[in-house]
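Trainee: Attaching a single structure in structure tokens format; questions to follow.
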Amino acid sequence: DRPLDERRPAVVDQLAGDAIGVQFPEHGVHLRNGELRAVLEDGALRINPFSIQGAGSGRLTASGIVPLPGSEREATLEWRARRLSVGAPAMRIVASGGGTARFDGRRLSLSGDVQVDRGDIKLQGESLPTLGEDVVIVGESPIKRDGPAPVPVSLNLTIDLGDALRLQTRGYEGRFAG
């Protein structure tokens, strides 16, 4: 192993968590039975692994490095989803896939491949999707907002819609594929 630097003593500690849950009912996120195994070392939390169950038997797992505050290291997590169910009842998606999430202190990037195993999207009444506050239309002035600037997100995802994605809206009922 490496020699101990007297100016910066090495701290190594094991962390474990069981029965972890995450609930965001308004967004249809109900995760439970989570497990975390990690080691605190060299100014970072080394996660190996984190695993949490979604609705049914679906699961999300991740492993990687999350630096502690003050560190200049990049956070990197390798993630894998297996039949993970997310979404409110009117917009439920079950998906599988994997990839990498990174955060360098300024920008979040997410890359990987996702396949929709099945899904039901029901847009009811007069409500149609609207553009988020962070969307800027070319040729129009951006809307000025109060508060801190949003974190830029870079997405490089390949999404396979599979053959079991259903859409219901305004008299249309059908399947999406591709």
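The values are calculated or read from the model by the stated rules, or taken from the named source; none is laboratory data. None of these values were measured; they are calculated from a predicted model. Here the Cβ is made from the backbone with ideal geometry for all residues, glycine too, and neighbour counts use every protein chain on show. The area values use the complete protein model at the heavy-atom level, side chains included, leaving out ligands, DNA and RNA. Shrake-Rupley method; radii C 1.70, N 1.55, O 1.52, S 1.80 Å.
Trainee: For the condition within 29 Å of G98 (Cβ to Cβ) and free of Cβ contacts under 8 Å to residues at least 40 places away in the same chain, what is the one hit in P150, P142?
Mentor: P150
Trainee: Let me ask something else. Taking the stretch 105-126 as the search range and keeping residues that are assigned to a loop (DSSP other than H, G, I, E, B) and open to solvent by less than 100 Å² (accessible area, probe 1.4 Å), which one is nearest to A44 (Cα to Cα)?
Mentor: Selected residue: G105.
Trainee: Separate question: Of all residues being outside any loop (DSSP other than H, G, I, E, B) and in contact with a Lys or Arg (Cβ under 7 Å, 6 or more places away or on another chain) in the stretch 127-168, which is farthest from R80 (Cα to Cα)? Just the residue, please.
Mentor: Q168
Trainee: Looking at (1) touching a residue at least 24 places away in the same chain (Cβ under 8 Å); (2) closer than 20 Å to A88 by Cβ, which is the one condition that is false for N156?
Mentor: All conditions are met except number (2).
Trainee: Could you tell me whether any residue of the stretch 5-21 is in a loop (DSSP other than H, G, I, E, B), within 30 Å of P89 (Cβ to Cβ) and at pLDDT below 95?
Mentor: No: zero hits.
Trainee: Scan the stretch 63-97 for residues that are on the phi > 0 side of the Ramachandran plot and either touching a strand residue (DSSP E or B) at 6+ places or on another chain (Cβ under 7 Å) or open to solvent by less than 80 Å² (accessible area, probe 1.4 Å) (or both) and jot them down.
Mentor: G64, R83, G87, G97
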